[in-house]
Amino acid sequence: MLTDIDKTIMKFIVSSAQLLKQLQTISGVLNSSNTLPILDNFLFEISANTLAISASDLETTMKTRIKNADANEDGNIAIPAKLLIDTLKTFSDQPLTFLIDKNTNGIEIGSENGKFKLAGQNGDEFPKTPSMHSASKTNMPSEVLSSAINKTLFATGNDELRPIMSGVFCELSNEGCTFVATDAHKLVKYKRTDITTDDTVSFILPKKPLTLLKNSLINEGNVLIEYNETNAFFVFDEIELICRLIDGKYPNYEAVIPKENPNILNMDRLEFYNSIRRVAIFASKSTHQIRLKIAGSDLQISSEDLDFSNEGFERLSCNYDGEDIEIGFNSKYLLEMINNLTSNQINLEMSSPNRAGIIIPQDGVSKDEEILMLVMPVMLNQ
(Lines give C-alpha, C1' and ligand atoms only; values in the text may rest on other atoms or scores of the structure.)
Protein backbone atom coordinates (compact mmCIF):
# COMPACT_ATOMS: atom_id res chain seq x y z
CA MET A 1 0.00 0.00 0.00
CA LEU A 2 1.37 3.42 -1.05
CA THR A 3 2.18 5.91 1.69
CA ASP A 4 1.56 9.64 1.22
CA ILE A 5 5.32 10.09 0.69
CA ASP A 6 5.34 7.46 -2.08
CA LYS A 7 2.54 9.33 -3.86
CA THR A 8 4.70 12.44 -4.17
CA ILE A 9 7.68 10.56 -5.63
CA MET A 10 7.92 9.70 -9.31
CA LYS A 11 10.45 6.96 -9.98
CA PHE A 12 12.03 5.52 -13.13
CA ILE A 13 15.08 3.36 -13.90
CA VAL A 14 17.21 3.66 -17.09
CA SER A 15 20.60 2.48 -18.34
CA SER A 16 23.26 5.17 -17.90
CA ALA A 17 24.92 4.41 -21.27
CA GLN A 18 21.63 4.39 -23.18
CA LEU A 19 20.51 7.63 -21.55
CA LEU A 20 23.83 9.36 -22.29
CA LYS A 21 23.70 8.27 -25.93
CA GLN A 22 20.17 9.68 -26.37
CA LEU A 23 21.03 12.94 -24.61
CA GLN A 24 24.13 13.46 -26.75
CA THR A 25 21.98 12.97 -29.86
CA ILE A 26 19.74 15.92 -28.95
CA SER A 27 22.17 18.08 -26.94
CA GLY A 28 23.23 19.98 -30.08
CA VAL A 29 19.91 21.84 -29.88
CA LEU A 30 20.94 23.53 -26.63
CA ASN A 31 22.28 27.08 -26.82
CA SER A 32 25.13 28.23 -24.59
CA SER A 33 23.02 31.20 -23.46
CA ASN A 34 19.22 31.18 -23.36
CA THR A 35 16.67 33.94 -22.82
CA LEU A 36 14.46 31.40 -21.03
CA PRO A 37 16.30 29.59 -18.17
CA ILE A 38 14.07 26.50 -18.65
CA LEU A 39 15.81 25.92 -22.02
CA ASP A 40 19.01 25.01 -20.15
CA ASN A 41 17.17 21.79 -19.23
CA PHE A 42 16.15 18.54 -20.88
CA LEU A 43 12.44 17.81 -20.58
CA PHE A 44 11.84 14.25 -19.34
CA GLU A 45 8.31 12.90 -19.94
CA ILE A 46 7.22 9.45 -18.77
CA SER A 47 4.19 7.82 -20.38
CA ALA A 48 3.35 4.11 -20.31
CA ASN A 49 6.95 3.17 -19.34
CA THR A 50 8.35 5.11 -22.32
CA LEU A 51 10.73 7.96 -21.51
CA ALA A 52 10.61 10.86 -24.00
CA ILE A 53 13.42 13.44 -23.69
CA SER A 54 13.29 16.84 -25.43
CA ALA A 55 15.69 19.73 -25.96
CA SER A 56 14.64 23.07 -27.44
CA ASP A 57 15.91 26.54 -28.36
CA LEU A 58 12.37 27.73 -29.33
CA GLU A 59 13.28 27.59 -33.05
CA THR A 60 14.19 23.89 -33.06
CA THR A 61 12.98 21.10 -30.81
CA MET A 62 14.40 17.57 -30.86
CA LYS A 63 12.90 14.60 -29.05
CA THR A 64 14.16 11.06 -28.52
CA ARG A 65 12.62 8.06 -26.76
CA ILE A 66 13.76 5.23 -24.52
CA LYS A 67 11.32 2.35 -24.27
CA ASN A 68 10.94 0.09 -21.25
CA ALA A 69 11.92 2.74 -18.74
CA ASP A 70 10.86 1.07 -15.51
CA ALA A 71 8.52 3.77 -14.13
CA ASN A 72 6.01 3.79 -11.27
CA GLU A 73 3.78 6.46 -12.89
CA ASP A 74 3.47 8.98 -15.71
CA GLY A 75 4.75 12.52 -15.29
CA ASN A 76 7.37 15.07 -16.36
CA ILE A 77 10.37 16.98 -15.02
CA ALA A 78 12.92 19.43 -16.46
CA ILE A 79 16.50 18.38 -15.56
CA PRO A 80 19.61 20.65 -15.94
CA ALA A 81 21.24 19.50 -19.16
CA LYS A 82 24.95 20.19 -18.58
CA LEU A 83 24.95 18.81 -15.04
CA LEU A 84 23.21 15.63 -16.15
CA ILE A 85 25.46 14.97 -19.15
CA ASP A 86 28.63 15.70 -17.15
CA THR A 87 27.45 13.23 -14.49
CA LEU A 88 26.48 10.48 -16.94
CA LYS A 89 29.88 10.67 -18.69
CA THR A 90 31.57 9.48 -15.52
CA PHE A 91 29.53 6.27 -15.09
CA SER A 92 30.28 2.86 -16.50
CA ASP A 93 27.12 1.30 -17.95
CA GLN A 94 24.76 0.62 -15.05
CA PRO A 95 21.10 1.09 -14.13
CA LEU A 96 20.34 4.51 -12.63
CA THR A 97 17.28 5.16 -10.47
CA PHE A 98 15.72 8.62 -10.74
CA LEU A 99 13.50 9.76 -7.85
CA ILE A 100 11.54 12.95 -8.53
CA ASP A 101 9.82 14.85 -5.71
CA LYS A 102 6.70 16.20 -7.40
CA ASN A 103 6.22 18.87 -4.71
CA THR A 104 9.70 20.42 -4.87
CA ASN A 105 10.98 19.16 -8.28
CA GLY A 106 14.00 17.84 -6.40
CA ILE A 107 15.83 15.00 -8.18
CA GLU A 108 17.85 12.18 -6.68
CA ILE A 109 19.88 9.90 -8.97
CA GLY A 110 20.84 6.59 -7.42
CA SER A 111 23.77 4.62 -8.85
CA GLU A 112 25.53 1.38 -7.82
CA ASN A 113 27.80 3.23 -5.39
CA GLY A 114 26.05 6.43 -4.40
CA LYS A 115 23.40 9.04 -4.90
CA PHE A 116 23.41 12.54 -6.37
CA LYS A 117 20.90 15.31 -5.74
CA LEU A 118 20.05 18.21 -8.02
CA ALA A 119 17.24 20.71 -8.49
CA GLY A 120 14.86 20.28 -11.40
CA GLN A 121 12.09 22.50 -12.71
CA ASN A 122 8.41 21.98 -13.39
CA GLY A 123 8.16 20.21 -16.76
CA ASP A 124 4.89 22.01 -17.53
CA GLU A 125 6.87 25.25 -17.93
CA PHE A 126 8.87 23.80 -20.84
CA PRO A 127 7.79 25.39 -24.19
CA LYS A 128 5.18 23.33 -26.02
CA THR A 129 6.13 21.81 -29.38
CA PRO A 130 4.21 23.55 -32.20
CA SER A 131 1.49 21.42 -33.76
CA MET A 132 1.64 20.70 -37.49
CA HIS A 133 -1.64 22.14 -38.82
CA SER A 134 -2.49 21.63 -42.53
CA ALA A 135 0.75 19.72 -43.06
CA SER A 136 1.78 17.86 -46.21
CA LYS A 137 3.75 14.64 -45.87
CA THR A 138 6.40 12.77 -47.81
CA ASN A 139 8.70 9.84 -47.11
CA MET A 140 12.37 9.93 -48.03
CA PRO A 141 15.06 7.27 -47.62
CA SER A 142 17.41 8.28 -44.83
CA GLU A 143 20.48 8.00 -47.07
CA VAL A 144 18.91 10.38 -49.65
CA LEU A 145 18.24 13.09 -47.06
CA SER A 146 21.69 12.54 -45.53
CA SER A 147 23.35 12.85 -48.94
CA ALA A 148 21.37 16.00 -49.79
CA ILE A 149 22.39 17.68 -46.53
CA ASN A 150 26.05 16.66 -46.85
CA LYS A 151 26.24 17.94 -50.42
CA THR A 152 24.66 21.34 -49.73
CA LEU A 153 25.13 22.43 -46.13
CA PHE A 154 28.73 23.63 -46.55
CA ALA A 155 27.67 26.11 -49.26
CA THR A 156 25.20 28.03 -47.07
CA GLY A 157 25.95 31.64 -46.12
CA ASN A 158 26.68 33.19 -42.71
CA ASP A 159 25.45 36.73 -43.39
CA GLU A 160 22.97 37.69 -40.64
CA LEU A 161 21.59 40.42 -42.91
CA ARG A 162 20.59 37.79 -45.48
CA PRO A 163 19.04 35.02 -43.37
CA ILE A 164 17.43 33.40 -46.42
CA MET A 165 20.86 32.38 -47.71
CA SER A 166 21.87 30.86 -44.37
CA GLY A 167 19.58 27.89 -45.04
CA VAL A 168 19.05 25.19 -47.66
CA PHE A 169 16.25 25.69 -50.19
CA CYS A 170 14.18 22.55 -50.72
CA GLU A 171 11.78 22.15 -53.63
CA LEU A 172 9.52 19.10 -54.00
CA SER A 173 7.55 18.42 -57.19
CA ASN A 174 6.36 15.63 -59.47
CA GLU A 175 9.72 15.85 -61.28
CA GLY A 176 11.82 15.22 -58.19
CA CYS A 177 13.27 17.03 -55.19
CA THR A 178 15.93 19.72 -55.40
CA PHE A 179 18.15 21.06 -52.62
CA VAL A 180 20.03 24.33 -53.20
CA ALA A 181 22.51 26.26 -51.06
CA THR A 182 24.44 29.42 -51.88
CA ASP A 183 26.37 32.22 -50.16
CA ALA A 184 26.57 34.36 -53.35
CA HIS A 185 30.17 33.18 -53.96
CA LYS A 186 29.42 29.50 -54.48
CA LEU A 187 26.28 27.49 -55.16
CA VAL A 188 25.37 23.82 -54.95
CA LYS A 189 22.31 22.24 -56.57
CA TYR A 190 21.53 18.64 -55.66
CA LYS A 191 18.59 16.98 -57.39
CA ARG A 192 16.94 13.58 -56.92
CA THR A 193 14.55 12.31 -59.58
CA ASP A 194 13.48 9.25 -57.55
CA ILE A 195 11.69 11.30 -54.83
CA THR A 196 8.53 12.98 -56.11
CA THR A 197 5.40 14.63 -54.68
CA ASP A 198 2.03 15.36 -56.28
CA ASP A 199 2.11 19.05 -55.40
CA THR A 200 4.93 21.51 -55.97
CA VAL A 201 6.10 23.03 -52.68
CA SER A 202 9.24 24.80 -51.54
CA PHE A 203 10.66 25.92 -48.21
CA ILE A 204 13.97 27.02 -46.65
CA LEU A 205 15.43 24.84 -43.89
CA PRO A 206 17.76 26.53 -41.35
CA LYS A 207 21.35 25.44 -40.93
CA LYS A 208 21.15 24.33 -37.28
CA PRO A 209 18.43 21.66 -37.61
CA LEU A 210 20.09 20.40 -40.81
CA THR A 211 23.37 19.99 -38.92
CA LEU A 212 21.50 18.08 -36.19
CA LEU A 213 19.88 15.83 -38.81
CA LYS A 214 23.24 15.27 -40.52
CA ASN A 215 24.76 14.10 -37.23
CA SER A 216 21.91 11.79 -36.23
CA LEU A 217 20.63 10.23 -39.48
CA ILE A 218 21.53 6.59 -40.05
CA ASN A 219 21.82 5.26 -43.59
CA GLU A 220 18.91 2.88 -43.36
CA GLY A 221 15.15 3.21 -43.11
CA ASN A 222 12.95 6.12 -44.09
CA VAL A 223 12.43 9.62 -42.79
CA LEU A 224 8.88 10.93 -42.54
CA ILE A 225 8.87 14.63 -43.44
CA GLU A 226 5.88 16.85 -42.68
CA TYR A 227 5.82 20.53 -43.60
CA ASN A 228 3.47 23.49 -43.63
CA GLU A 229 3.84 27.27 -43.99
CA THR A 230 5.89 27.73 -40.83
CA ASN A 231 7.47 24.44 -39.69
CA ALA A 232 9.07 21.21 -40.88
CA PHE A 233 8.87 17.98 -38.91
CA PHE A 234 11.20 14.97 -39.31
CA VAL A 235 10.62 11.53 -37.77
CA PHE A 236 13.10 8.63 -37.91
CA ASP A 237 14.46 5.91 -35.64
CA GLU A 238 12.83 7.03 -32.33
CA ILE A 239 13.86 10.64 -33.05
CA GLU A 240 11.62 13.61 -33.82
CA LEU A 241 12.85 17.02 -34.92
CA ILE A 242 10.65 20.04 -35.56
CA CYS A 243 12.04 23.37 -36.75
CA ARG A 244 10.76 26.75 -37.78
CA LEU A 245 11.31 27.44 -41.48
CA ILE A 246 13.19 30.54 -42.68
CA ASP A 247 10.61 33.06 -43.85
CA GLY A 248 11.17 34.72 -47.22
CA LYS A 249 11.63 34.16 -50.94
CA TYR A 250 14.74 32.32 -52.07
CA PRO A 251 16.73 34.04 -54.85
CA ASN A 252 16.25 32.82 -58.43
CA TYR A 253 19.28 30.54 -58.42
CA GLU A 254 18.68 29.24 -61.97
CA ALA A 255 19.35 32.75 -63.31
CA VAL A 256 22.99 32.68 -62.13
CA ILE A 257 23.82 29.26 -63.62
CA PRO A 258 25.32 29.85 -67.09
CA LYS A 259 23.59 27.64 -69.65
CA GLU A 260 26.26 27.72 -72.38
CA ASN A 261 29.67 26.56 -71.16
CA PRO A 262 31.67 25.48 -74.22
CA ASN A 263 35.07 25.35 -72.47
CA ILE A 264 35.30 22.04 -70.61
CA LEU A 265 38.25 20.95 -68.48
CA ASN A 266 38.28 17.29 -67.41
CA MET A 267 40.56 16.40 -64.48
CA ASP A 268 41.33 13.70 -61.97
CA ARG A 269 39.59 15.15 -58.91
CA LEU A 270 42.27 14.36 -56.31
CA GLU A 271 45.15 15.45 -58.54
CA PHE A 272 43.38 18.77 -59.21
CA TYR A 273 42.52 19.20 -55.52
CA ASN A 274 46.04 18.52 -54.25
CA SER A 275 47.62 20.82 -56.82
CA ILE A 276 45.27 23.71 -55.94
CA ARG A 277 45.88 23.09 -52.24
CA ARG A 278 49.67 23.35 -52.67
CA VAL A 279 49.58 26.42 -54.89
CA ALA A 280 46.99 28.15 -52.67
CA ILE A 281 49.43 28.17 -49.75
CA PHE A 282 51.33 30.90 -51.65
CA ALA A 283 48.22 32.95 -52.51
CA SER A 284 47.18 36.21 -50.88
CA LYS A 285 45.65 35.52 -47.47
CA SER A 286 42.95 38.12 -48.12
CA THR A 287 41.78 37.02 -51.60
CA HIS A 288 42.94 33.35 -51.73
CA GLN A 289 43.18 33.97 -55.48
CA ILE A 290 44.58 31.35 -57.83
CA ARG A 291 44.88 31.56 -61.61
CA LEU A 292 44.04 28.78 -64.05
CA LYS A 293 45.59 29.14 -67.49
CA ILE A 294 44.49 26.49 -69.96
CA ALA A 295 45.80 25.99 -73.49
CA GLY A 296 45.34 22.68 -75.30
CA SER A 297 46.21 19.88 -72.89
CA ASP A 298 48.31 22.17 -70.70
CA LEU A 299 46.89 23.44 -67.38
CA GLN A 300 48.89 25.96 -65.36
CA ILE A 301 47.81 26.72 -61.78
CA SER A 302 49.49 29.72 -60.17
CA SER A 303 49.20 32.12 -57.26
CA GLU A 304 51.09 35.03 -55.78
CA ASP A 305 51.14 37.12 -52.65
CA LEU A 306 52.89 40.36 -53.60
CA ASP A 307 53.04 41.56 -49.98
CA PHE A 308 55.42 38.72 -49.10
CA SER A 309 56.93 37.99 -52.55
CA ASN A 310 55.36 34.50 -52.43
CA GLU A 311 54.59 32.62 -55.64
CA GLY A 312 53.25 29.15 -56.38
CA PHE A 313 53.11 27.42 -59.76
CA GLU A 314 52.25 23.94 -61.05
CA ARG A 315 51.76 22.56 -64.54
CA LEU A 316 49.44 19.58 -65.15
CA SER A 317 48.37 17.76 -68.26
CA CYS A 318 44.61 17.71 -68.76
CA ASN A 319 41.78 16.87 -71.12
CA TYR A 320 40.42 20.17 -72.40
CA ASP A 321 37.92 21.03 -75.05
CA GLY A 322 37.52 24.73 -75.81
CA GLU A 323 39.29 28.02 -76.43
CA ASP A 324 42.39 29.05 -74.48
CA ILE A 325 41.30 30.68 -71.24
CA GLU A 326 42.78 32.37 -68.20
CA ILE A 327 40.43 32.59 -65.21
CA GLY A 328 40.76 33.36 -61.50
CA PHE A 329 39.00 31.68 -58.59
CA ASN A 330 39.00 31.91 -54.82
CA SER A 331 40.94 28.74 -53.95
CA LYS A 332 39.09 28.37 -50.64
CA TYR A 333 35.72 27.94 -52.37
CA LEU A 334 37.15 25.75 -55.12
CA LEU A 335 38.78 23.40 -52.60
CA GLU A 336 35.61 23.18 -50.48
CA MET A 337 33.56 22.11 -53.48
CA ILE A 338 36.03 19.61 -54.93
CA ASN A 339 36.54 18.10 -51.47
CA ASN A 340 32.80 17.63 -51.04
CA LEU A 341 32.61 15.39 -54.12
CA THR A 342 33.52 11.71 -54.15
CA SER A 343 33.98 11.13 -57.89
CA ASN A 344 37.28 10.19 -59.52
CA GLN A 345 36.84 12.58 -62.46
CA ILE A 346 35.29 16.04 -62.57
CA ASN A 347 34.50 18.56 -65.28
CA LEU A 348 35.07 22.28 -64.81
CA GLU A 349 32.87 23.98 -67.39
CA MET A 350 33.46 27.64 -68.25
CA SER A 351 32.16 30.21 -70.72
CA SER A 352 34.40 33.25 -70.11
CA PRO A 353 36.76 34.66 -67.42
CA ASN A 354 33.99 36.84 -65.95
CA ARG A 355 31.31 34.13 -65.75
CA ALA A 356 30.86 31.42 -63.12
CA GLY A 357 32.62 28.07 -63.43
CA ILE A 358 30.51 24.91 -63.15
CA ILE A 359 31.85 21.74 -61.49
CA ILE A 360 30.10 18.47 -62.36
CA PRO A 361 31.19 14.99 -61.17
CA GLN A 362 31.69 12.52 -64.00
CA ASP A 363 31.28 9.30 -62.00
CA GLY A 364 30.23 8.04 -58.57
CA VAL A 365 26.72 9.47 -59.01
CA SER A 366 23.61 7.27 -59.18
CA LYS A 367 21.23 7.49 -62.14
CA ASP A 368 18.68 9.21 -59.89
CA GLU A 369 20.89 12.07 -58.69
CA GLU A 370 22.34 15.19 -60.28
CA ILE A 371 25.01 17.38 -58.67
CA LEU A 372 26.00 20.80 -59.96
CA MET A 373 28.41 23.13 -58.17
CA LEU A 374 29.03 26.71 -59.20
CA VAL A 375 31.86 29.01 -58.16
CA MET A 376 32.09 32.70 -59.05
CA PRO A 377 35.33 33.91 -60.65
CA VAL A 378 37.56 36.64 -59.23
CA MET A 379 39.01 39.36 -61.43
CA LEU A 380 42.64 38.72 -62.25
CA ASN A 381 45.33 41.33 -61.71
CA GLN A 382 47.10 41.40 -65.03
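A quick yes/no check of all residues on (1) touching a Ser or Thr at 6+ places or on another chain (Cβ under 7 Å); (2) closer than 19 Å to Arg192 by Cα:
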position	(1), (2)
Asn310	no, no
Cys318	yes, no
Asp321	no, no
Thr342	no, yes
Ile346	no, no
Gln362	yes, yes
Leu372	no, yes
Val375	no, no
Val378	yes, no
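Within 21 Å of Glu369 (Cα to Cα), among the aromatic types (Phe, Trp, Tyr) and modelled with pLDDT of 95 or more, is that true of Phe154?
Taking the combined requirement at face value, the residue satisfies it.
Residue-wise test of (1) over 21 Å from Ser54 (Cα atoms); (2) surrounded by 15 or more Cβ atoms within 10 Å (Cβ to Cβ).
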{"site": "Ser92", "(1), (2)": "yes, no"}
{"site": "Phe116", "(1), (2)": "yes, no"}
{"site": "Ser131", "(1), (2)": "no, no"}
{"site": "Leu145", "(1), (2)": "yes, yes"}
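Close contacts from segment 19-40, counting a first residue that is over 26 Å from Gln94 (Cα atoms) and a second that is loosely packed, with under 15 Cβ neighbours inside 10 Å and charged (D, E, K, R), with Cβ to Cβ under 8 Å and a gap of 6+ residues or different chains, come to Ile38/Glu125. When Ser366, Ser343 are checked against the criterion of being outside the structural domain of Thr152 (by TED's automatic domain parsing), within 27 Å of Glu175 (Cβ to Cβ) and without any contact (Cβ under 8 Å) to a residue 12 or more places away in the chain, a single residue qualifies: Ser366. Test Ile109 against the criterion of being assigned by TED's automatic domain parsing to the domain that holds Leu39, within 17 Å of Ser54 (Cβ to Cβ) and among the β-branched types (Val, Ile, Thr), and give yes or no. No, not satisfied. If you go through segment 182-229 and keep only what is closer than 30 Å to Asn330 by Cβ, out of contact with any helix residue (DSSP H, G or I) (no Cβ under 9 Å at 6 or more places or on another chain) and surrounded by fewer than 17 Cβ atoms within 10 Å (Cβ to Cβ), you end up with just Ser202. With respect to the conditions (1) surrounded by fewer than 20 Cβ atoms within 10 Å (Cβ to Cβ); (2) under 30 Å from Pro127 (Cα atoms); (3) not small (Gly, Ala, Ser), Asn274 falls short on a single one, namely (2). Scanning segment 324-382 for residues that are under 21 Å from Cys177 (Cα atoms) and basic (Lys, Arg) gives a single hit, Lys367.
Pairs are defined by a Cβ separation below 8 Å, a sequence spacing of at least 6 or placement on different chains, a first member in segment 238-253 that is on the phi > 0 side of the Ramachandran plot and assigned to a loop (DSSP other than H, G, I, E, B), and a second member that is surrounded by 19 or more Cβ atoms within 10 Å (Cβ to Cβ) and of a type in the set (S, T, N, Q); the pairs so defined are Glu238/Thr64.
Considering segment 368-382, the residues that are part of a loop (DSSP other than H, G, I, E, B) and either within 24 Å of the chain's Cα centre (by Cα) or at pLDDT 95 or above (or both) include one that is nearest to Phe272 (Cα to Cα), namely Met376. Here Met267 meets the list (1) outside any strand (DSSP E or B); (2) in contact (Cβ under 8 Å) with a residue 60 or more places away in the chain; (3) surrounded by 18 or more Cβ atoms within 10 Å (Cβ to Cβ) almost entirely, failing just condition (1). For segment 274-309, taking the residues that are out of contact with any strand residue (DSSP E or B) (no Cβ under 9 Å at 6 or more places or on another chain) and at pLDDT 95 or above, the one that is nearest to Leu380 (Cα to Cα) is identified as Arg277. Each residue in segment 36-49 was checked for being crowded, with 18+ Cβ neighbours inside 10 Å and among the aliphatic types (A, V, I, L, M), and 3 pass. Checking each residue in segment 21-49 for being assigned to a helix (DSSP H, G or I) and over 17 Å from Leu241 (Cβ atoms) picks out Pro37, Ile38, Asp40. Any residue at all in segment 50-65 that's outside the structural domain of Arg244 (by TED's automatic domain parsing), without any contact (Cβ under 8 Å) to a residue 24 or more places away in the chain, within 21 Å of Ile242 (Cα to Cα) and surrounded by 15 or more Cβ atoms within 10 Å (Cβ to Cβ)? Scanning segment 50-65, I find at least one residue that is outside the structural domain of Arg244 (by TED's automatic domain parsing), without any contact (Cβ under 8 Å) to a residue 24 or more places away in the chain, within 21 Å of Ile242 (Cα to Cα) and surrounded by 15 or more Cβ atoms within 10 Å (Cβ to Cβ), so the answer is yes.
Checking the stated criteria, Thr193 turns out not to satisfy the condition of being touching a Ser or Thr at 6+ places or on another chain (Cβ under 9 Å) and either outside the structural domain of Asn339 (by TED's automatic domain parsing) or at pLDDT below 95 (or both).
The values are calculated or read from the model by the stated rules, or taken from the named source; none is laboratory data. Computed from a predicted model, the values in this text were never measured in an experiment. With ideal geometry, Cβ positions are generated from the backbone for all residues, glycine too; neighbour counts draw on all protein chains shown.
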